[in-house]
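Trainee: Starting off with a structure, shown below.
What follows draws every value from the coordinates through simple rules; no lab data is involved. The model shown is predicted, which means the values in this text are computed figures rather than measured ones. Glycine gets a Cβ as well: all are built from the backbone with ideal geometry, and neighbour counts include every protein chain shown.
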Amino acid sequence: MVTMAAKRDYYEVLGVSRDASHREVSDAYRQLAIKFHPDKNPGDEEAVAQFKEAAEAFEILGDQEKRARYDRFGHAGFEGPGGGAPHFTDVNDIFEAFGNIFGDSVFGDIFGGGRRGRTRGGDVQCEVELDLLEAARGVKKTVSFKRHEACETCRGSGARPGSQPVKCSYCGGRGQVVQSAGILRIQTTCPSCRGQGTTVSDPCPDCRGEGFQLRKVEREIAIPAGVDDKMRVRLSGEGEPDPHGGPRGDCYCFISVRPHPLFERQGNDLICRLPVTYSQAALGATVQVPTLDGPIDHEIPPGTQPGALFRLRGLGMPDPRGRGGKGSLIVQALLEVPTSLDTRQEELLRELAELEHADVSEHRKTFFEKLRDYFVPGEDTASTEN
C-alpha cells in the first residue's frame with residue numbers, strides 16, 4: 001500500500017469533482033470496485049492495491065462528516081492515533097465494510113459466494129403508556145406484541161409431520177445461483193428455495209409450508225428513568241426470526257407519556273404554574289410548591305411580578321441517557337384575581353386604590369342593596385324627587 005506521504009487525492013482516486021454528489025461518489029466507487037476486483041484480476045497485486053485505494057477513498061468521501069474534514073485538512077486530518085484514517089489489511093475487510101451498500105445483487109453477491117453478510121430478522125414494535133411519575137423514576141412494564149414463531153406442528157420445517165424437506169433441484173441445495181456475464185460471475189439468492197437450499201413437497205397444513213405462525217407474545221421491559229413522549233426502548237433479539245437462520249430482529253417499544261395536571265415538560269425541565277394572590281406577590285410569602293416527590297416550601301419575594309419564574313434546580317426529570325443530573329422545576333407565578341369579594345375586602349381594596357390614586361370602577365350595588373333602597377329610599381332619592 002502506498003505511504004501517507006504518497007497518497008493520491010481521494011477525489012482523483014475516484015475520478016469525481018469536489019462538488020460531486022453522494023450518488024456520484026457511490027457510482028464512481030462501484031465502477032472501480034468492479035474494475036479492480038481481485039476475482040476479476042487474479043494474481044494482479046497492482047489491481048488489489050487500486051482496489052484498496054478506491055475503498056479508502058470511498059470510506060472518506062462516502063461519509064458526510066469525514067468528507068467535510070478531508071475537504072478542510074486533506075490527508076492530515078486523519079493522521080495520528082484516533083485520527084480515523086481508513087485501513088484495510090486485506091480485501092475481506094473491504095467486503096465486510098461495504099459489501100451491502102449497493103444491494104445484494106450489485107456488490108455483495110457480485111463475486112464469490114462466501115462473502116455474503118449475515119442476515120437478521122425484521123423488527124417489530126409495540127406501545128407502552130406511562131404517567132409522568134413512572135417516566136421520572138423508571139419502571140418495569142409488561143408489553144405484548146405479535147411476531148412469527150416456529151410452527152409447533154412441523155417444528156419450523158414447513159413439512160407435514162412424517163415428511164422431510166428435500167434438496168432444492170434448482171440450486172442443488174446451495175441456496176445460491178450463479179450467472180455468468182463474460183468474465184463476471186453474479187451470485188444471487190435462489191428464487192425457488194429463497195436461499196434455504198431445500199423445498200417442501202408436502203407442506204404442513206397448519207403453517208402452509210412457511211414453518212412459522214404469527215403469535216402474540218408478552219415480555220417485560222425495563223423503562224429507564226427520564227424517558228420522554230415518543231421515545232423508544234429496544235428489546236434486543238425479540239423481533240421476527242430470520243428464515244435463513246440468522247439472529248432475530250429487535251422489538252421497539254414506543255413510549256407515550258400521559259399529560260400531567262400540574263407539570264408541563266420541556267426537555268428535562270418541568271414547569272409548574274403557581275397561582276399567587278395580589279397580597280402574596282406584593283408583600284412576599286412562603287408558599288407550597290408541588291414537586292414529583294411531594295410539596296415543598298418556597299419563598300416568594302416581595303414585589304413578585306406576574307409571570308415571574310423561579311428555577312428550582314435538581315427537581316426536574318433525569319436524563320434518560322444517563323449523561324447528566326436532573327433538570328429543574330421552573331415555577332411560574334400567576335397572579336390570581338378573585339372573581340368575587342366580600343364587603344370588607346372591597347373596602348380595603350378601594351382604600352388602597354385611593355392611596356394609589358388609581359382610577360377604579362364604581363361600587364356596584366348588590367341585589368339586596370337595590371331592594372333596600374327600593375323600599376327605604378335614601379337621601380339621594382328623596383332629593384331627586386323634591
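Trainee: Please give, to one decimal in nm, the separation of the simple spin-label points placed at residue 271 and residue 174, each 7 Å out from Cα toward the Cβ.
Mentor: Between residue 271 and residue 174, the simple spin-label model gives 6.5 nm.
Trainee: If R₀ is 45 angstrom, what is the calculated FRET efficiency for the pair residue 344 and residue 308, using the beta carbon separation as r and rounding to 0.05?
Mentor: 0.95
Trainee: Once you keep just the Cα pairs under 8 angstrom separated by 6 or more residues, what percentage relative contact order results for region 263-335?
Mentor: After rounding, I find 38 percent.
Trainee: If you take every residue apart from residue 141 with its C-beta less than 13 Å away from the C-beta of residue 141, what net charge results, scoring Lys and Arg +1 and Asp and Glu -1?
Mentor: -3
Trainee: With respect to the cross-link table entries 66/326; 216/326; 140/326; 35/66; 52/167, which display a Cα-Cα separation exceeding 31 Å?
Mentor: Over 31 Å Cα-Cα: 66/326; 216/326; 52/167.
Trainee: A further question follows. Under a point spin-label approximation (7 Å from Cα along Cα-to-Cβ), what is the residue 218-residue 21 distance to one decimal in nm?
Mentor: Inter-label distance under the simple model: 5.2 nm.
Trainee: Note the direction-averaged projected area, equal to a quarter of the hull surface, for the Cα convex hull of region 263-335, in nm².
Mentor: 4.6 nm²
Trainee: Oh, and also: Read phi for every residue in region 139-150 and hand back ³J(HN,Hα) as whole Hz from Karplus 6.51 cos²θ - 1.76 cosθ + 1.60, θ = phi - 60°, with x for Gly and Pro.
Mentor: 7, 9, 10, 9, 10, 10, 7, 10, 8, 7, 10, 4
Trainee: In nm, to one decimal, how far is the modelled label at residue 236 from the one at residue 146, with both set 7 Å along Cα→Cβ?
Mentor: The modelled label-to-label distance comes out at 2.9 nm.
Trainee: Taking H as built 1.01 Å from N, whose amide H comes closer than 5 Å to the amide H of residue 229, not counting residues under 5 places away?
Mentor: Long-range HN contacts for residue 229: 257.
Trainee: Would you mind ranking 317, 231 so that the residue whose beta carbon has the fewest other beta carbons within 10 Å leads the list?
Mentor: 231, 317
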